[in-house]
Amino acid sequence: MTILHIDSSINGENSASRAISRSIVEQVRGGADTVLRRDLVSEPLPHLTLGAFADSTVLDEFLAADTVVIGAPMYNFTLPTQLKAWLDRILIAGRTFRYTESGPEGLAGGKRVIVALARGGFYDAGSPAAAFEHLESYLRGVFNFIGIEPEFVAADGLAIGPEQRAISIEQALGRTVRLAA
Ligand SMILES: Cc1cc2nc3c(=O)[nH]c(=O)nc-3n(C[C@H](O)[C@H](O)[C@H](O)COP(=O)(O)O)c2cc1C
């Protein structure tokens, strides 16, 4: 089995999403598994251009993976631009989705996608900030569009204060245990 491990936080060793994505990989990997690493901060992908469509390296890597683990922090209510540049390379008509007479159809099913979310605030349904949540909702929509139901492990309220941050990260790390294949 091949696991693709992606991170997109700019916060290095202090990153919550990196700590959680690392824990997820530890939980889901078996002894014989191959783990491919794509750090979108140390090796960023350029913004999308028409010319970029000629290179399918990123798409092929995604399609070949059985499990994809993504560290996704919330920056300005949505995903880091580094992660958007990666998504721009895997949402490809004819490869991961197609349009049919009855609407769009996802072509990338059969893969497990697990996302480690890290957010400074709380965005639960019904809360005042819920309408600003464009990270989890966006990623769910995008992966659903290509035929995948993503799983999420979230650490929230990380900017509230050090105590809340420690509690939220510890709880999220604890929840990764349930992801073991
Ligand atoms: C540039 C930047 C923008 C941020 N914007 C938001 C935001 O819009 N909403 C929010 O809840 N938290 C926001 N935060 C807080 C982060 O989501 C929080 O610090 C989280 O821990 C980031 O994940 P990381 O530690 O993996 O980088 C922002 C943080 C940074 C650095």
May I ask you to verify whether residue 88 is among the charged types (D, E, K, R), in contact (Cβ under 8 Å) with a residue 12 or more places away in the chain, more than 16 Å from the ligand (Cβ to nearest atom) and touching a strand residue (DSSP E or B) at 6+ places or on another chain (Cβ under 6 Å)? no
Using the structure shown, decide if residue 60 is under 30 Å from residue 122 (Cβ atoms) and modelled with pLDDT of 95 or more. no
Would you point out which residue out of 40, 135 is touching a residue at least 60 places away in the same chain (Cβ under 8 Å) and closer than 30 Å to residue 14 by Cβ? 135
Read through the list (1) surrounded by 22 or more Cβ atoms within 10 Å (Cβ to Cβ); (2) touching a Leu at 6+ places or on another chain (Cβ under 6 Å); (3) outside any strand (DSSP E or B), then give the number of the only condition that residue 23 fails. (1)
Please enumerate the residues belonging to region 51-85 that are free of Cβ contacts under 8 Å to residues at least 40 places away in the same chain, open to solvent by less than 30 Å² (accessible area, probe 1.4 Å) and not β-branched (Val, Ile, Thr). 52, 59
Given (1) of a type in the set (Gly, Ala, Ser); (2) in contact with a strand residue (DSSP E or B) (Cβ under 9 Å, 6 or more places away or on another chain); (3) within 12 Å of the ligand (Cβ to nearest atom), residue 159 misses just (2)
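Applying the selection to region 91-129, what residues are acidic (Asp, Glu) and either within 11 Å of the ligand (Cβ to nearest atom) or more than 18 Å from residue 140 (Cβ to Cβ) (or both)? Even if it seems obvious, please write down each step before you answer.
If we filter region 91-129 for residues that are acidic (Asp, Glu), which is where we start, we get 101, 105, 124.
101 - this is the single residue of region 91-129 that is acidic (Asp, Glu) and either within 11 Å of the ligand (Cβ to nearest atom) or more than 18 Å from residue 140 (Cβ to Cβ) (or both).
Quick check on region 3-18: of everything there that is part of a helix (DSSP H, G or I) and crowded, with 20+ Cβ neighbours inside 10 Å, which residue is farthest from the ligand (Cβ to nearest atom)? Even if it seems obvious, please write down each step before you answer.
Initial filter on region 3-18 (part of a helix (DSSP H, G or I)): 12-14, 16-18.
Checking the rest, the ones that are also crowded, with 20+ Cβ neighbours inside 10 Å come to 16-18.
Details: 16: 4, 17: 3, 18: 6 Å.
Residue satisfying both the conditions and the ranking: 18.
Which count do you get for residues in region 152-181 that are acidic (Asp, Glu) and either touching a residue at least 40 places away in the same chain (Cβ under 8 Å) or surrounded by fewer than 14 Cβ atoms within 10 Å (Cβ to Cβ) (or both)?
Looking only at region 152-181, we keep the residues that are acidic (Asp, Glu), and these are 156, 163, 170.
If we keep only those that are either touching a residue at least 40 places away in the same chain (Cβ under 8 Å) or surrounded by fewer than 14 Cβ atoms within 10 Å (Cβ to Cβ) (or both) as well, we get 163, 170.
Residues that pass the stated criteria total 2.
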May I ask you to say which residue of 67, 78, 49, 57 is hydroxyl-bearing (Ser, Thr, Tyr), more than 18 Å from residue 133 (Cα to Cα) and under 14 Å from the mean Cα position of the chain (by Cα)? 67
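The values are calculated or read from the model by the stated rules, or taken from the named source; none is laboratory data. It should be emphasised that the depicted structure is a prediction, and the values quoted were computed from it without experimental measurement. FYI the Cβ positions are ideal-geometry reconstructions off the backbone, even for glycines, and counts take in every protein chain you see. Ligands, DNA and RNA are stripped out before the accessible areas are found, and what is left, the full protein with its side chains, is counted by its heavy atoms. Shrake-Rupley method; radii C 1.70, N 1.55, O 1.52, S 1.80 Å.
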